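Accompanying notes for the structure given below.
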Amino acid sequence: MQEIEKTLADFINICAASLGIAEEMLAEPTVEGVAAVESTAAMESGAVLPLAYLIAEDAEVYADTAHSAISAISACTACRLCETRTLVVPGEGVENPLVMIIGEGPGADEDRTGRPFVGRAGQLLDKMIASIGLSREKNCFIANVVKCRPPGNRNPSQDEIDACFPYLQKQIVMLQPKIILCAGKISAQRLFDSSLGINAIRGSFSEYDTGIDGSAAIPLLATYHPSAVLRDESLKRPAWEDLKLLRSKLEEMGLDIGLL
């Protein structure tokens with residue numbers, strides 16, 4: 001926890017210095033407060049949806065409730081990850097989000113809880129996006145390229161990514177985010193359809209084509225995975241530059257959200 005607090009404090013300093021605002025404005029919500037959000041209570045209040053839709057071969061079929069959606073995706077056996085998972089991690093957030101954040105795959109905490117980005121990296125992610133007025137409770141949806149934890153937190157293999165990607169594609173179509181933010185190399189390479197590393201992909205917008213006739217392409221941006229930022233302090237400033245670019249794009253689209 002001390003390491004996370006130090007990383008968050010450094011990140012806040014960078015944000016505050018860049019924006020010319022008091023650090024106190026970026027100090028809430030606390031790490032403890034973010035971590036304390038309970039998925040069940042949030043879902044019952046209608047604020048947070050673990051997964052609002054049933055992902056099926058027929059895109060016209062959708063779930064009446066988030067609970068039935070979870071039941072459906074929990075039955076997936078399309079790849080070997082189903083053999084070792086504890087819980088599937090479909091995603092969490094609001095319908096029609098401003099930003100859909102897509103990571104790589106669940107870790108141990110996510111596998112245990114069924115919620116995305118709730119471990120150390122998730123605590124940092126919540127703080128980072130809060131610095132530009134975003135949160136999973138109000139205006140974001142957070143998911144991963146694969147819905148089940150790869151054993152030992154290894155990177156998902158290409159066949160695992162390919163097996164799970166149709167779920168993510170349909171989530172994107174149904175949620176209709178205004179912008180997609182890829183967190184990490186695995187997500188960025190799949191969504192950008194690129195073999196380049198994250199350093200080459202991040203820093204500028206591309207577009208994600210949903211493949212639906214008459215549907216506009218979605219602005220697509222990549223940044224470092226929060227776990228990478230925790231490991232390497234030199235990534236804090238470029239990660240903040242990516243977030244500023246994201247905020248500027250939202251403003252350009254007439255979606256100025258200010259600061260929480």
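Odds and ends about this structure:
- Residue in segment 233-250 that is more than 21 Å from ALA121 (Cα to Cα) and part of a loop (DSSP other than H, G, I, E, B) present: no
- Qualifying residue in segment 155-164 (condition: among the hydroxyl-bearing types (Ser, Thr, Tyr) and either under 17 Å from LEU245 (Cα atoms) or surrounded by 20 or more Cβ atoms within 10 Å (Cβ to Cβ) (or both)): no
- Screening GLN169 against (1) buried (at least 21 other Cβ atoms within 10 Å of the Cβ); (2) more than 26 Å from SER248 (Cβ to Cβ); (3) out of contact with any strand residue (DSSP E or B) (no Cβ under 9 Å at 6 or more places or on another chain) leaves a single unmet condition, (1).
- Residue within segment 83-97 that is in a helix (DSSP H, G or I) and either farther than 25 Å from ALA217 by Cα or over 16 Å from the mean Cα position of the chain (by Cα) (or both) present: yes
- Residue match in segment 171-192 (condition: of a type in the set (Phe, Trp, Tyr) and over 21 Å from ILE73 (Cα atoms)): yes
- Selection of segment 99-120 for residues being among the hydrophobic types (A, V, I, L, M, F, W, C) and touching an Asp or Glu at 6+ places or on another chain (Cβ under 9 Å) yields PHE117, VAL118.
- Which listed residue, of SER204, SER187, is under 24 Å from SER135 (Cα atoms), at pLDDT 95 or above, part of a helix (DSSP H, G or I) and not hydrophobic (A, V, I, L, M, F, W, C): SER187
- Just one of the listed residues (GLY211, GLY184, GLY197) is over 16 Å from CYS140 (Cα atoms), surrounded by 21 or more Cβ atoms within 10 Å (Cβ to Cβ), touching a residue at least 12 places away in the same chain (Cβ under 8 Å) and not aromatic (Phe, Trp, Tyr), and it is GLY184.
- Of the residues making up segment 223-232, those that are in contact (Cβ under 8 Å) with a residue 60 or more places away in the chain and either of a type in the set (S, T, N, Q) or not in a helix (DSSP H, G or I) (or both) are HIS225, SER227.
- Test result for GLY254, outside any helix (DSSP H, G or I) and free of Cβ contacts under 8 Å to residues at least 12 places away in the same chain: yes
- LEU220 vs. criteria outside any helix (DSSP H, G or I) and either surrounded by 19 or more Cβ atoms within 10 Å (Cβ to Cβ) or of a type in the set (Val, Ile, Thr) (or both): yes
- Residue in segment 228-238 that is crowded, with 20+ Cβ neighbours inside 10 Å and in contact with a strand residue (DSSP E or B) (Cβ under 8 Å, 6 or more places away or on another chain) present: no
- Residue match in segment 142-161 (condition: within 15 Å of the chain's Cα centre (by Cα), in contact (Cβ under 8 Å) with a residue 60 or more places away in the chain and not in a loop (DSSP other than H, G, I, E, B)): no
- Selection status of GLY103, on the phi < 0 side of the Ramachandran plot, at pLDDT 95 or above, of a type in the set (Gly, Ala, Ser) and under 11 Å from the mean Cα position of the chain (by Cα): yes
The values are calculated or read from the model by the stated rules, or taken from the named source; none is laboratory data. If you're wondering where the values come from, they're calculated on a predicted model, not measured in any experiment. Cβ coordinates were reconstructed from backbone atoms using ideal geometry, including for glycine residues, and neighbour counts include every protein chain displayed.
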